[in-house]
């Protein structure tokens, strides 16, 4: 078909490249998170912070990052990714806050520019993009999502510091159970005051029979319980910067878990888990009637 | 977001929940109690249920409080057409060999459903049989009691006018019937290019 346009010559090409895109995921509900406030700035230069723009696919993209203006405006589509000085990747501090208070304020380092590559069919059936994805951890103020179980705990460092009680700020906790399908493992993080909240999906009830009618005693869903194991990690560092460092989270989870005790007596009573009942919040440690010890968990370094 | 089996699986889960929880001891329970999912024809006499409960879907309505839902976004960023939220209204009828047994059964059913107002995906999928994972892990169904007007109740019992039984209605709210159709979208755009041209002389 002949074009109706008269013959033309290309005069100029303009291009705008997004040097960094990040997606955040809610581990409890396994879905992308929207409505966050995400900012980035070069290390040690917080006054140069730039806000991210959220796309319809819940990807947070940055434009105008300090030092990357030339990169963003380059017109040669492939050559721009051959990064040479002065366009070698720069490190930025990314800070994430949730105005709705659902997730802990988090921070991590990211290099930009970072290319989002579409994986080949052989690597990914959906052909989705290799996009940096970070998991955010729930804050204690988050409302329990419908159909979710929750474990809450108040974490302290055993022995405190300088004779004073010391909250285990930004410590990590993990619950797991092999009862029911699928086997459950969920990780959560404590806030600055050591308040740990882990939301997770209820495992499949095991006491409920799909045949009818069952023999013996009634199987109430409210009586269904799952024995949960609990582990924790903590850096025991003194600084509490007001942010959960996601880079530290990755490092910590590769290390040996700390020792968890349910009191600070001598010797402390070890704590390894508790029973989760359907439809009830699990606050650990569980105390028997008459037990006047506070419901606190104490963390100490593994020897 | 559940697939199109969600309504059926919810009915089966209600049946399973009541079947499992029913006390069957002679003194305070209901020996031989049965729970079934009924169709309209099952209400015609002779009803084959002596003691137990029936679950009858009498109405399905679009949930208009959230009609314009956003597309579903999977964890990998794939977007699907928006789900359709529906409310499924179930008439739960108590059956018994005597009026007092029937009324006790009705009271027990109400108590049991109010003790378990949220059905998690783990429970629902357990009754999905060969349909597999109908509800996604992060879903739950909320069961809420509803008051039917006298007229509505009469209309429902038109199916079996002379065999009306004590019943109560519950709504399974916001069943999201998912679309499996992906929204056609390109890969994430990292670079936007604009070519400017002029007319050749």
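Any read-out appearing in this document is the output of simple, stated calculations on the displayed coordinates, not a laboratory observation. Since we're looking at a predicted model, the values are computed, not measured. FYI the Cβ positions are ideal-geometry reconstructions off the backbone, even for glycines, and counts take in every protein chain you see.
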Report task. Could you work out how far apart the two model spin labels at residue B:111 and residue A:236 are, taking each label as a point 7 Å from the Cα in the direction of the beta carbon, and quote it in nm? Result -> 5.3
Query - Relative packing of B:87-97, A:9-19, which averages over residues the other C-beta atoms within 10 Å, highest first - result: B:87-97, A:9-19
Requested in this report: Which order do the peptides A:150-156, A:230-236, A:261-267 take when ranked by the mean count of other beta-carbon atoms within 10 Å per residue, highest first?
Outcome: A:150-156, A:230-236, A:261-267
Query raised in the report: For the range B:41-119 and the range A:256-284, what is the separation of their C-alpha centers, rounded to whole Å?
Result: 39
Query raised in the report: Per residue of A:260-271, how many C-beta atoms from partner chains lie within 10 Å of its own C-beta, taken as a mean?
Result: 0
Report task. Would you calculate the separation in nanometres between label points at residue B:68 and residue A:48, each defined as 7 Å from the Cα along the Cα-to-beta-carbon direction? Result -> 4.2
Query raised in the report: Working out 0.36 nm times the residue gap between residue A:255 and residue A:192, then minus their Cα-Cα distance, what length gain in nm do you get to one decimal?
Result: 20.6 nm
Query raised in the report: Taking a label point 7 Å from the Cα of residue B:192 along the Cα→Cβ vector, which residues of the range A:39-76 have an amide N closer than 14 Å to it?
Result: A:53-56, A:61-64, A:73
Report task. Tell me the label-point distance for the pair residue A:275, residue A:81, using the 7 Å Cα-to-Cβ offset, in nm and rounded to one decimal. Result -> 5.6
Report task. For helix B:99-115, report the angle its Cα long axis makes with the longest principal axis of the Cα atoms of chain B; keep it between 0 and 90° and round to the nearest 10°. Result -> 30
Report summary line: If one builds a Gaussian network model of chain A from Cα atoms under 10 Å apart, the most fluctuating residue listed among A:196, A:220, A:109 is A:220
Query raised in the report: Based on the Cβ-Cβ distance of residue B:28 and residue B:80, what FRET efficiency does E = 1/(1 + (r/R0)^6) give at R0 = 35 Å, to the nearest 0.05?
Result: 0.10
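Give the average, rounded to an integer, of partner chain Cβ atoms located within 10 angstrom of each Cβ in A:11-18.
5
May I ask you to derive the relative contact order of chain B, considering only C-alpha pairs under 8 Å and at least 6 residues apart, and to give it as an integer percent?
Values: 333 pairs, mean separation 58.3, N = 201.
Computed value for chain B: 29 percent relative contact order.
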Query raised in the report: Once both axes come from the Cα atoms, what is the angle between helix B:6-21 and the longest principal axis of chain B, in degrees from 0 to 90, rounded to 10?
Result: 40
Query - FRET efficiency, 1/(1 + (r/R0)^6) with R0 45 Å, evaluated for residue A:288 and residue B:97 via beta carbons - result: 0.55
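Taking each residue of B:121-127 in turn, how many C-beta atoms of other protein chains fall within 10 Å of its C-beta, and what is the average? Don't skip to the end; give the middle numbers.
Working: counts 4, 14, 8, 2, 2, 8, 2.
Counting Cβ atoms of other protein chains within 10 Å of each residue's Cβ and averaging gives 6.
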